[in-house]
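S.K.: Encoded as structure tokens, here's the structure I'll be asking about.
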Amino acid sequence: MINNFLYPYMPHIRQVKPSHIRVLHASPDAPPVDIYANNNLIAKNIPYKSFTPYISVPPGNYVISVFASGTKQNPVLVKNIQIPNDTIATVAATGYVSDLDLLPILEPIEPIPTNKTMIRFIHLSPNTPNVDITLPNGAILFEDVEYEEVTEYIPVPPGNYTVEAKVAGTDQTALIVPNINLKPNRFYSIYAVGFLNDKPPLQVLIPLDGNSYIK
């Protein structure tokens, strides 16, 4: 759960239009974590693969500290991140626990073509090589996506999809994901998380992005 109490600590920008952020725990070998922003607890006991709700925060620079859940000593990561004015973003904890990183992923508000859905792919599996994201007929949606790369959104017809992740430039299938239901006039990100040929296994998370409904 995230508590929205950051505003009192930045009174000089209270009139600036707020931004909205959520946190994703995408580090496959990390335990549940607590996250602090400028020494204030904003997310508690987040397990792997979980997203927090979006919260409204003032834009600015934040010192983010990540701790194993229930502890407040020896943070696994301390990093400065800049939250721009009037933006929507997911901040993902990525990589191995021994080399944890925070990746801010912006969710731009842009027009959606009539009767279309906007999708993109985000590669957060630390041991998976570059991948092509394809349809079963071989059509490539996203090509040669490397670790921690965030693709641009593309428009597709709404409906039910099966997608495949293949090692880039080959027919070697790393993952098949059936029954992806994409509703019209929405933004989705397809996050690849986990380990290739190890545990926890490679899989995808497909949340509705905040730019679908936060205006």
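S.K.: Could you list which residues have their amide H under 5 Å from that of Ser27, counting only those 5 or more apart in sequence or on another chain, with H placed in the peptide plane?
M.R.: Those qualifying (amide H under 5 Å, at least 5 residues apart or on another chain) are Lys49.
S.K.: Here's a follow-up. Just one of [x] 15.8, 49; [y] 20.2, 63; [z] 17.7, 55 is Rg and Dmax of the Cα atoms in Å calculated from these coordinates, so which is it?
M.R.: Step by step, Rg and Dmax of the Cα atoms in Å for this structure corresponds to label [z].
S.K.: Whole-Hz Karplus ³J(HN,Hα) for region 28-36, in order, using 6.51 cos²θ - 1.76 cosθ + 1.60 and θ = phi - 60°, x for Gly and Pro?
M.R.: x, 9, 8, x, x, 10, 10, 10, 10
S.K.: In whole Hz, with x marking every Gly and Pro, tabulate ³J(HN,Hα) for region 180-196 from phi via Karplus 6.51 cos²θ - 1.76 cosθ + 1.60, θ = phi - 60°.
M.R.: Karplus-based 3J(HN,Hα) across region 180-196 equals 8, 9, 9, 8, x, 6, 9, 10, 10, 10, 9, 8, 8, 9, x, 10, 6 Hz.
S.K.: Say a site is exposed when it is one of the chymotrypsin sites (Phe, Trp or Tyr not before Pro), sits in a DSSP loop, and has at most 15 other Cβ atoms within 10 Å; what is then the longest site-free stretch of the chain?
M.R.: Values: sites that count: Phe5, Tyr96, Tyr213.
Maximal segment without exposed cleavage sites: 97-212.
S.K.: So which aspartates and glutamates pass the test for Lys17, namely a Cα distance under 19 Å, with those fewer than 8 places away in the same chain ruled out?
M.R.: The reachable aspartates and glutamates, counting only those whose Cα sits under 19 Å from Lys17, are Asp86, Glu107, Glu110.
S.K.: Here's another thing I want to ask about it. Just the number, please: Stokes-Einstein D of region 1-106 in µm²/s, Kirkwood Rh from C-alpha pairs, 37 °C, 0.692 mPa s. Don't jump to the answer; show the numbers that get you there.
M.R.: Details: Rh = 13.7 Å.
My calculation gives 239 µm²/s for D.
S.K.: Could I ask something else about it? To the nearest 20 debye, what charge dipole does the chain have about its Cα centre, counting +1 at the Cβ of each Lys and Arg and -1 at the Cβ of each Asp and Glu? Numbers along the way, then the final one.
M.R.: Details: 14 positive and 18 negative charges, 202 e Å.
That gives the chain a dipole magnitude of about 980 debye.
S.K.: So, one more: Taking 0.36 nm per residue of separation and subtracting the Cα-Cα distance, what length does fully extending Asp171 through Asn74 add? Show your work: numbers first, answer last.
M.R.: Values: separation 97, 0.36 × 97 = 34.92 nm, distance 4.39 nm.
Stretched out fully, the Asp171 to Asn74 stretch lengthens by 30.5 nm.
S.K.: Let me ask something additional. What distance in nm separates the two pseudo spin-label positions at Asn61 and Asn197, each 7 Å out from Cα along the beta-carbon direction?
M.R.: With each label point 7 Å from Cα toward Cβ, the separation is 4.4 nm.
S.K.: Give the lysines reachable from Lys49 as a straight Cα distance under 27 Å; neighbours fewer than 8 places away on the same chain don't count.
M.R.: Lys72, Lys79, Lys166, Lys183, Lys199, Lys215
S.K.: Pick out, in residue order, every one of the GluC sites (Glu not before Pro) in region 119-209 that is DSSP loop and has at most 13 other C-beta atoms within 10 Å; say none if there are none. All intermediate terms of the calculation are to be shown ahead of the outcome.
M.R.: Numbers: sites: Glu143, Glu146, Glu148, Glu149, Glu152, Glu164; in loops: Glu146, Glu148, Glu149, Glu152.
Passing both the DSSP loop test and the Cβ count: Glu146, Glu152.
S.K.: Round to the nearest 0.05 the FRET efficiency obtained for Asn45 and Tyr147 when R0 = 22 Å and r is the Cβ-Cβ distance. Provide the component values of the computation, followed by the final result.
M.R.: Values: r = 27 Å, r/R0 = 1.22.
Result of the calculation: an efficiency of 0.25.
S.K.: Let me ask something else. Give me the Å³ per residue figure for the convex hull around the C-alpha atoms of region 109-215.
M.R.: On the way: hull volume 10.3 nm³, N = 107.
Per-residue hull volume (Cα only) is 96 Å³.
Throughout, read-outs are computed from the coordinates displayed, never taken from laboratory work. In this text the structure is predicted, and so the values were computed from the model without any measurement. Cβ coordinates were reconstructed from backbone atoms using ideal geometry, including for glycine residues, and neighbour counts include every protein chain displayed.
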